[in-house]
Amino acid sequence: MVVSEINKEREGAKMKKYFVIPLFSILFLLGCFANDQPNMKSEESKPVNGGEIAVEDEEESQTVNGYEIIAEDLDIPWAIEKSENTIYLSERPGNIVKVEDGETEAQSVHLEKELATAAEAGLLGVVLDPQFLETQLAYAYYTYEDEDGQFNRVVTLRLEDNVWQEESVLLDHIPSGNVHHGGRIKIGPDEKLYVATGDAAEPQIAQDRDSLGGKILRMNLDGSIPDDNPFPNSYVYSYGHRNPQGLTWSSNGTMYSSEHGQTANDEINEIKSGQNYGWPIIEGREEKEEMLSPLFTSGSEETWAPSGMDYYDGKLYVATLRGEAVLEFDLETGEQREVISDIGRVRDVYVNGNSLYFISNNTDGRGEPDENDDRLYRIWLKYY
């Protein structure tokens, strides 16, 4: 629900009271009402940037449907990362966009292999090193093609003089096809690198633990296999995935993933070490012994095409492409609702303090871009 809709509901509720209360009460209520408005300038501060406080005048901010615009004219953005007050966005054609102090700068990325031009391919997931300010290091996942074929790889990137340079290859020859590259990478609370890979449109490899496709992989930050991975000498952390594109953890360390179903039956899964999530044997609400079914599913009549996700205060926030929304899933009650809509396809979300950042993805060839698409937006979760 956008800010203007919230204001209308509040006004309607108070107008009903005007006919039954004295004039001095009306004035008192009006004063309280004015102080409660999220888009009126007041002494109340809004938490941003991981708990920092800033007083905002939203009347001076550029907005669309009540959502604050942080950056625009993006070229198929895919992942959101943040270091202090600077935001970094990966773009599939091969750039990383730096957003700082209201300015955007497209920084080139020099890769060892040529980016693939297949559908859904390119420079996908990017995550900053935990000590990024000192190391200027990031981890990236990209789809490439060479004389041996088309594959995905996980690499490190080093930022020098506003240029990102591929430095080392952590894992290569992850299966790739015409679609279903996966691509989300995240560093977990255990300081391991997690990598979501798709089935490369070959469903059977998702059940093959010797294949890197259709999996969630886990590795040390130097690319080696952790000693406590569930299968000996294997990067595989979980398997039976079709096209997972979102990874996040709750405050207690529980891991979650979003996954594209086949036409429908999209899934939000709780990820457990060594477990089988069923694809292509089961999907959606189907069940089978020794296979895990999802916490939430779109069912067989609806599709979300879920992508990036993040956690905040007992809820999962999930970007959806076909669903053209950000969905909120309450882990305690099992309820779900649409938080963001009316901006088209949404590729990724990022929670920082009380702020929810999200990027549209209407320039990916499957959307209907408006002027100045794609954009990075922000809302304050306390108002939604």
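Spin-label model, THR254 to ASP161: label points 7 Å out along the Cα-to-beta-carbon direction sit 5.0 nm apart. How many angstrom lie between the Cα centre of the stretch 182-220 and the Cα centre of the stretch 334-369? Using only Cα atoms, the two centres lie 23 Å from each other. Shown in residue order for the stretch 269-275 are the 3J(HN,Hα) couplings computed by the Karplus curve 6.51 cos²θ - 1.76 cosθ + 1.60 at θ = phi - 60°: 10, 8, 8, 10, 4, x, 8 Hz (x for Gly and Pro). Distances between placed amide hydrogens fall under 5 Å for THR63 paired with ILE69, all partners being 5 or more residues away or on another chain.
Using a ≥ b ≥ c from the Cα gyration tensor of the stretch 279-384 (square roots of the eigenvalues), is it rounded, prolate or oblate, where a/c under 1.5 gives rounded and otherwise the larger of a/b and b/c decides, a/b for prolate? Note, shape of the stretch 279-384 comes out oblate. The mean sequence separation of alpha-carbon pairs under 8 Å and at least six residues apart, normalised by the residue count of the stretch 314-384, gives a relative contact order of 23 percent.
Please give the net charge around VAL236, taking every other residue with its beta carbon less than 15 angstrom from that of VAL236, where Lys and Arg add +1 and Asp and Glu add -1. Taking every other residue near VAL236 into account, the sum is 0. Annotation: amide H-H contacts under 5 Å for ASN352 (H modelled 1.01 Å from N, sequence separation of 5 or more, or interchain): TYR357. Scalar couplings 3J(HN,Hα) for the stretch 127-143, obtained by applying the Karplus form with A = 6.51, B = -1.76, C = 1.60 to θ = phi - 60°, are 9, 7, 4, x, 10, 4, 4, 8, 8, 6, 10, 9, 10, 9, 10, 9, 9 Hz; x denotes Gly and Pro. In terms of other Cβ atoms within 10 Å, SER298, SER307, SER224, SER211 run from fewest to most in the order SER224, SER211, SER298, SER307. Under the criterion of Cα pairs below 8 Å and six or more residues apart, the relative contact order for the stretch 143-192 equals 31 percent.
Cα centroid separation, the stretch 258-276 to the stretch 149-171: 28 Å. Between the amide H of GLY261 and those of ASP266, GLU267, ALA305, distances stay under 5 Å, these residues lying 5 or more places away or on another chain, with hydrogens modeled in the peptide plane.
Shown in residue order for the stretch 145-150 are the 3J(HN,Hα) couplings computed by the Karplus curve 6.51 cos²θ - 1.76 cosθ + 1.60 at θ = phi - 60°: 9, 9, 5, 8, x, 10 Hz (x for Gly and Pro).
Residues ASP75, ASP161, ASP222, arranged from fewest to most other Cβ atoms within 10 angstrom of their Cβ, appear as ASP161, ASP222, ASP75.
Residues within the reach of a label modelled at ALA201 (point 7 angstrom out along Cα to beta-carbon, backbone nitrogen below 19 Å), restricted to the stretch 332-369, are 364-367. Measuring against 30 Å, Cα to Cα, the residue pairs LYS113/LYS215; LYS192/LYS315; LYS288/LYS382; LYS215/LYS288 contain LYS288/LYS382 as the ones spanning a longer distance.
Note on ALA118 and SER293: their simple-model spin labels are 3.2 nm apart, each label 7 Å out from Cα toward Cβ.
Any read-out appearing in this document is the output of simple, stated calculations on the displayed coordinates, not a laboratory observation. Keep in mind it's a predicted model, so treat the numbers as computed, not measured. When we count neighbours, we look across all protein chains shown, and the Cβ atoms used for this are built from the backbone with ideal geometry, even at glycine.
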